[in-house]
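Trainee: Provided herewith is a single structure, encoded as structure tokens, for subsequent inquiry.
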Amino acid sequence: MAKFYEDLIQGTPAWRKARAGVPTASKFSQLLTPKTLKLSASMKGYENHCVAEILTGRPIENFGGTRATERGHELEPDAFDFYELTTGHECRHVGFITNDAGTFGCSPDGICGDTHGVELKCVGGAKHVEHLLSETGAYEDHKAQVQGGLLVTGFEFWDILAYFPDMAPSLYRVPRDEEYISKLSDALKQFNENVQNKLREIRGD
């Protein structure tokens with residue numbers, strides 16, 4: 001059963017601290033290769049990042065952001081309002097959600113009742129056009145994140161909205177992909193085992 005940390009506000013120091021050392025859905029793409037669904041070579045680097053956060057007891061930022069990402073964050077409230085008005089769903093912000101054991105989690109852009117989550121993608125104009133031309137919108141670019149959210153929460157579906165002012169939106173409803181979720185679950189078990197092994201080696205346990 002998932003644990004919902006509704007008092008946390010995304011982007012705040014408390015939110016970053018709560019996520020430190022915990023693999024989160026926004027990084028799940030580093031665990032599996034997209035086509036073969038085998039363990040990815042990039043998983044090792046993400047393991048080391050989580051180990052560093054556990055050892056220091058604080059979040060370690062690797063990415064300072066760009067003007068494009070800042071603009072994306074600025075547009076998210078508009079995208080959120082558009083989603084609610086268009087779908088009729090009342091959504092709430094939840095800072096962080098983990099599985100029952102707290103060994104992995106996600107920070108969705110919104111949770112709609114007890115049925116589904118929503119991800120908002122406010123990217124550049126050219127990329128938005130690419131999403132408009134795709135039958136699945138922005139989903140393929142964020143499959144690991146979305147299926148990761150479904151794994152964490154146990155929900156049956158997830159909505160992903162690509163939003164850009166003065167262009168049509170792209171809204172796609174994502175069902176659970178049980179094969180992918182199973183592979184992702186196995187990868188997370190291996191990930192956390194590797195993290196604990198590295199901690200024992202460093203600490204001399």
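The values are calculated or read from the model by the stated rules, or taken from the named source; none is laboratory data. What you are looking at is a predicted structure, and each value in this text was computed from that prediction instead of being measured. Here Cβ is always computed from backbone atoms with ideal geometry, including for glycine, and neighbour counts include all displayed protein chains. Note: areas computed on protein heavy atoms with side chains; ligands, DNA, RNA excluded. Shrake-Rupley method; radii C 1.70, N 1.55, O 1.52, S 1.80 Å.
Trainee: Antiparallel versus total DSSP beta bridges in the chain: what percent is that, nearest 5?
Mentor: 70
Trainee: Another question, if that's okay. Give the relative contact order (percent, whole number) for the chain; include only Cα pairs under 8 Å separated by 6+ residues.
Mentor: The value is 25 percent.
Trainee: Quick one: pull the percentage of alpha-carbon pairs in the stretch 71-125 with a separation above 18 Å.
Mentor: Everything past 18 Å amounts to 38 percent.
Trainee: Heavy-atom accessible area per residue, the stretch 122-205, 1.4 Å probe: how many Å²?
Mentor: 51
Trainee: Here is a follow-up. Report, in cubic angstrom per residue, the convex hull volume of the C-alpha atoms of the stretch 125-205.
Mentor: 126
Trainee: Using a 1.4 Å probe, what is the accessible area per residue for the stretch 11-93, in Å²?
Mentor: 62
Trainee: When you have a sec, figure out the Kirkwood radius of the stretch 1-110 from all distinct Cα pair distances and drop it here in Å to one decimal?
Mentor: Over the stretch 1-110, the inverse of the mean reciprocal pair distance is 15.8 Å.
Trainee: If one computes the Cα centroid of the stretch 136-184 and of the stretch 84-110, what distance in Å separates the two points?
Mentor: What the calculation gives is 13 Å, centre to centre.
Trainee: Same structure, new question: What part of the accessible area of the chain, given as a whole %, is carbon or sulfur when the probe is 1.4 angstrom?
Mentor: The value for the chain is 52 percent carbon and sulfur by accessible area.
Trainee: Restricting to the stretch 119-188, compute how many DSSP beta bridges are antiparallel as a %, nearest 5.
Mentor: Beta bridges within the stretch 119-188, antiparallel portion: roughly 65 percent.
Trainee: Of the GluC sites (Glu not before Pro) in the stretch 130-175, which ones lie in a loop per DSSP and count no more than 14 other C-beta atoms within 10 Å?
Mentor: Glu135, Glu156
Trainee: Moving on. Specify the residue with the greatest mean-square fluctuation among Arg176, Arg16, Arg71, computed from a Gaussian network of the chain linking alpha-carbon atoms under 10 Å apart.
Mentor: Arg71
Trainee: For Cα pairs less than 8 Å apart in space and 6+ apart in sequence, what is the mean separation divided by the residue count of the stretch 1-123, i.e. the relative contact order in percent?
Mentor: Relative contact order here is 35 percent.
Trainee: In µm²/s, what is D for the stretch 78-174 at 25 °C and 0.890 mPa s, where D = kT/(6 pi eta Rh) by Stokes-Einstein and Rh is the Kirkwood radius from Cα pairs?
Mentor: Translational D for this selection: 180 µm²/s.
Trainee: Using modelled backbone amide H atoms (1.01 Å from N, in-plane), which distant-in-sequence or interchain residues come within less than 5 Å of Cys122's amide H?
Mentor: When sequence neighbours closer than 5 places are left aside, the close amide H contacts are Tyr163.
Trainee: Next question. Which whole-number percent gives the relative contact order of the stretch 110-205, counting Cα pairs below 8 Å spaced six or more residues apart?
Mentor: 28
Trainee: Then there is this: For the stretch 17-58, which semi-axes, largest first and in whole Å, follow from the square roots of 5 times the eigenvalues of its Cα gyration tensor?
Mentor: They are 22, 10, 5 Å, listed from largest to smallest.
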